[in-house]
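The values are calculated or read from the model by the stated rules, or taken from the named source; none is laboratory data. Just so it is clear, the model here is predicted, and its values are computed rather than measured. Don't worry about glycine lacking a Cβ; one is built from the backbone with ideal geometry, like all the others, and counts go over all protein chains shown. These area figures cover heavy atoms from the full protein model, side chains too; ligands, DNA and RNA do not enter into them. Shrake-Rupley method; radii C 1.70, N 1.55, O 1.52, S 1.80 Å.
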Amino acid sequence: MFFSVLPSRVVIDNAVCPNSTLVKVDSARRHGILLDAVQVLTDLNLSIKKANISSDGQWLMDVFHVTDLNGNKLTDESVISYIEQSLETTHPDRSHEFNGLTALELTGTERVGLLSEVFAVLADLQCNVVDAKVWTHNGRIASLIYVKDCNSGSPIEDSQQIDRIESRLRNVLKGDNDICSAKTSVSMAVTHTERRLHQMMFADRDYERKPILQHKVDSPVVTVQNWVERGYSVVNVQCKDRTKLLFDVVCTLTDMQYDVFHATINTAEDKAYLEFYIRHTDGTPISSEPERHRVIQCLQAAVERRASEGVRLELCASDKQGLLADVTRTFRENGLNVTRAEISTTRDMALNVFYVTDANGNQADPKIIEAVRQKIGLGNLKVKELPLIYHQKAEREEQAVGVGGAVLLSLGSLVRRNLYNLGLIKSYS
């Protein structure tokens with residue numbers, strides 16, 4: 001395969017399309033180049049509404065139609081400049097965001113209260129959780145947690161302490177019935193968090209498993225056919241549209257060692273339609289029925305892992321030792337199961353998102369949600385996304401209460417917050 005050190009050519013255009021910003025990237029084709037571009041855009045919480053990918057010999061030409069999460073064009077010059085600089089780089093790198101932290105990787109069987117036990121162990125071992133993401137799928141859980149020592153504020157490098165962390169977390173993950181498949185590891189190496197979560201769940205073969213809790217996910221429709229005359233395998237994905245969908249699909253294809261030569265992505269209302277023309281990295285299309293079936297399974301899993309099941313709760317509070325242990329224990333004591341979590345800290349503030357269901361994977365009782373909010377603090381824990389049947393009621397309450405004085409970040413500030421975390425701007429307020 002041809003590799004080039006030539007920088008990509010990037011053009012960002014706000015004049016062509018009335019509803020979105022066009023991001024055009026011309027680059028020398030290599031394995032993973034499309035994922036690099038998509039990763040830059042999705043890491044900034046931008047929404048890719050449409051895209052066209054085409055290959056001409058050794059060059060790949062990408063056109064992305066993007067907006068912020070409010071559906072607006074990109075007008076912030078610092079954001080536009082960051083996109084241009086990142087996409088022009090051969091291998092964009094955000095790893096410095098987690099420098100000085102220790103990474104904990106956990107996989108095991110999903111069960112109610114598991115996250116509470118994990119955070120309780122970390123609090124007891126004087127580990128301060130700075131950032132974390134937790135995914136569940138088909139009865140499995142994967143988590144990547146970044147910690148530092150509570151006392152020194154430094155990464156945890158002592159081998160005996162690392163052994164203690166691994167041992168105790170492994171015991172928690174094993175529970176009563178997961179002796180073989182529970183895994184823990186501690187690392188100073190830094191990687192892209194969400195790509196690593198996909199890799200962890202792929203290695204755990206979650207795509208072959210059946211769910212223990214009955215989460216109600218609308219399964220994506222995935223088809224794979226060969227275009228024999230051109231030597232491509234054609235992959236079609238139809239599913240509910242959501243943020244980072246394109247990243248999840250392209251990430252999986254890349255890590256399964258497929259190259260994308262052409263692609264078309266369209267969205268209409270809440271539906272997404274994705275078509276990819278792919279070959280294996282050795283230049284061949286999918287060559288057997290078992291391989292075709294595996295690609296279908298893996299892409300369905302990639303879409304479903306980030307599917308947001310349950311009520312979305314956002315916690316914004318002053319960060320303190322044991323905060324996550326206390327919050328997740330309250331969830332457990334009230335029979336709430338965390339299906340996904342995103343943990344972050346910014347300027348000594350904890351900014352956490354939890355998706356919760358009842359113990360059986362069904363929608364949680366609103367009365368229980370309200371009781372949990374009373375316990376944790378109505379001003380700290382807010383319901384941000386409710387099941388469809390509660391949307392109208394929530395909108396009426398939001399209009400009645402108003403949003404003045406809200407501590408939580410608005411969608412429009414997410415991009416600037418990411419740039420602040422990268423150290424590229426001094427403030428995102």
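Give the number of residues within the stretch 49-61 that are part of a strand (DSSP E or B) and open to solvent by 20 Å² or more (accessible area, probe 1.4 Å).
Just the residues of the stretch 49-61 that are part of a strand (DSSP E or B), to begin with: 49-56, 59-61.
From what's left, open to solvent by 20 Å² or more (accessible area, probe 1.4 Å): 49-50, 52, 54-56, 59, 61.
Number satisfying all stated conditions: 8.
Any idea which of A302, A317 is touching a residue at least 40 places away in the same chain (Cβ under 8 Å) and either over 24 Å from T243 (Cβ atoms) or in contact with a strand residue (DSSP E or B) (Cβ under 6 Å, 6 or more places away or on another chain) (or both)?
A317
Report every pair of residues separated by at least 6 positions or lying on different chains whose Cβ atoms are under 7 Å apart, first residue within the stretch 151-179 and modelled with pLDDT of 90 or more, second in a helix (DSSP H, G or I).
I156/I162; R168/V121; L169/V118; L169/V121; V172/E117; V172/V118; V172/V121
Could you please find all residues in the stretch 134-165 being acidic (D, E) and part of a loop (DSSP other than H, G, I, E, B)? Break it down stepwise before answering.
Step one: filter the stretch 134-165 for residues acidic (D, E), giving 149, 157-158, 163.
Selection gives E157, D158.
Which residues, taken from the stretch 258-269, are free of Cβ contacts under 8 Å to residues at least 60 places away in the same chain and in contact with a strand residue (DSSP E or B) (Cβ under 6 Å, 6 or more places away or on another chain)? Don't jump to the end; show me each part of the working.
The initial filter retains those residues of the stretch 258-269 that are free of Cβ contacts under 8 Å to residues at least 60 places away in the same chain, namely 258, 268-269.
Residue satisfying the conditions is Y258 alone.
Test of understanding: among D248, D259, D270, which residue is open to solvent by 20 Å² or more (accessible area, probe 1.4 Å) and either at pLDDT 95 or above or within 29 Å of A132 (Cα to Cα) (or both)?
Working: D248 fails: open to solvent by 20 Å² or more (accessible area, probe 1.4 Å); D259 fails: open to solvent by 20 Å² or more (accessible area, probe 1.4 Å).
Only one candidate passes the filter, namely D270.
Looking at this structure, is T75 of a type in the set (S, T, Y), over 30 Å from P18 (Cα atoms) and in contact (Cβ under 8 Å) with a residue 12 or more places away in the chain?
Working: of a type in the set (S, T, Y): yes; over 30 Å from P18 (Cα atoms): no; in contact (Cβ under 8 Å) with a residue 12 or more places away in the chain: yes.
In short, no.
Can you tell me which residues in the stretch 62-83 are open to solvent by 10 Å² or more (accessible area, probe 1.4 Å), within 24 Å of H192 (Cβ to Cβ) and not in a loop (DSSP other than H, G, I, E, B)?
Answer for the stretch 62-83, where residues must be open to solvent by 10 Å² or more (accessible area, probe 1.4 Å), within 24 Å of H192 (Cβ to Cβ) and not in a loop (DSSP other than H, G, I, E, B): V63, H65, S78, I80, S81, Y82.
Conditions (1) surrounded by 22 or more Cβ atoms within 10 Å (Cβ to Cβ); (2) within 30 Å of G377 (Cβ to Cβ); (3) of a type in the set (D, E); (4) touching a Pro at 6+ places or on another chain (Cβ under 9 Å), marked per residue:
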residue: P285; (1), (2), (3), (4): no, no, no, no
residue: S288; (1), (2), (3), (4): no, no, no, no
residue: Q297; (1), (2), (3), (4): no, no, no, no
residue: A301; (1), (2), (3), (4): yes, no, no, no
residue: D319; (1), (2), (3), (4): no, yes, yes, no
residue: G322; (1), (2), (3), (4): no, yes, no, no
residue: R329; (1), (2), (3), (4): no, yes, no, no
residue: S344; (1), (2), (3), (4): no, yes, no, no
